[in-house]
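Working notes, beginning with the structure itself.
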Amino acid sequence: AVAAMRNARRAHCSIVEQAGAANRHLVEQFPGADFVTGLILELDVDNGAATILNAGHPPPLLLRDGGVSELLVPPELPLGLVSSAHYMVHPIQLNPGDRLLFFTDGITEAHRRGEPEFGYRRVAAMLGEQSDITPSELVRQLTRAVNESCNGQLSDDATAVCLDWHPPRLPGPTG
């Protein structure tokens, strides 16, 4: 999936075309019930305009002005299930200082036998409570808490990516 998307991206394909290429590759190479979920984001770092595609993945969280919300990005089929899958993109506009947190379901579903899952609400709470630390430190603290919640016995991948968006500073007047 990664190789197919990378090749499509290098060929200047849209994120819809990248998802389609990965989907076709997976269906052809691994027929059956196996699949891959994912979020594909295309961000204009100059103005914060983005498009996002959700292939069966948990929705990302947005920290904006101290409040945490779920990005409403309806999920499409995961990659690799059916060759005829179509993927839609959704526009988003980031504001200066926004923080996005992307994570796999292995983060929210981590737990010890007989105990509750780590949970979406706990991830959202950590994002809101830890707004003053760097994105990389937030990911470290989140993965540490997830590992502790399941005693290091993950049943699925547990991946998180966090990014802050700050518009580039325009050069000041010279003179």
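A cut-off of 5 Å between modelled amide H atoms, ignoring neighbours fewer than 5 places along the same chain, links Leu94 with Ala49, Ala50.
A simple packing score, the average count of other Cβ atoms within 10 Å per residue, orders the peptides 42-52, 17-27 as 17-27, 42-52, with the highest score first.
Compute the Cα gyration tensor for the chain, then decide on rounded, prolate or oblate, letting a ≥ b ≥ c be the square roots of its eigenvalues: rounded whenever a/c is under 1.5, prolate when a/b is larger than b/c in the other cases, and oblate in all that remain.
Working: a/c = 2.19, a/b = 1.07, b/c = 2.05.
It is oblate, given that a/c is not under 1.5 and a/b is not larger than b/c.
On the basis of the beta-carbon distance and an R0 of 30 Å, Asp164 and Arg9 show a calculated FRET efficiency of 0.85. Using a probe of 1.4 Å on the protein chains alone, the accessible area found for Val82 is around 60 Å².
Per DSSP helix of 4 or more residues, -39500 (n - 2.57); summed, then divided by the residues of the chain. What does that give at 222 nm, rounded to the nearest 500?
On the way: 5 runs with 54 residues, N = 175.
Helix contribution divided over all residues of the chain: -9500 deg cm²/dmol.
If the chain linking His90 and Asp157 were pulled fully straight, counting 0.36 nm for each residue of separation and taking away their Cα-Cα distance, it would gain 21.5 nm. Annotation: Phe30 carries an accessible surface of approximately 110 Å², with a 1.4 Å probe and no ligand, DNA or RNA atoms counted.
In debye, nearest 20, what is the charge dipole magnitude of the chain about its Cα centre with +1 on Lys and Arg Cβ and -1 on Asp and Glu Cβ, if you could check?
Working: 13 positive and 21 negative charges, 48 e Å.
Here the size comes out at about 240 debye.
Solvent-accessible area of Thr143, all protein chains in place: 40 Å² (probe radius 1.4 Å, heavy atoms, ligands and nucleic acids excluded).
The values are calculated or read from the model by the stated rules, or taken from the named source; none is laboratory data. No experiment lies behind these values; they were computed from the predicted model shown. Ideal geometry is used to build each Cβ from the backbone, glycine not excepted, and the neighbour counts take in all protein chains shown. Ligands, DNA and RNA are excluded from the accessible area calculation, which covers all protein heavy atoms including side chains. Shrake-Rupley method; radii C 1.70, N 1.55, O 1.52, S 1.80 Å.
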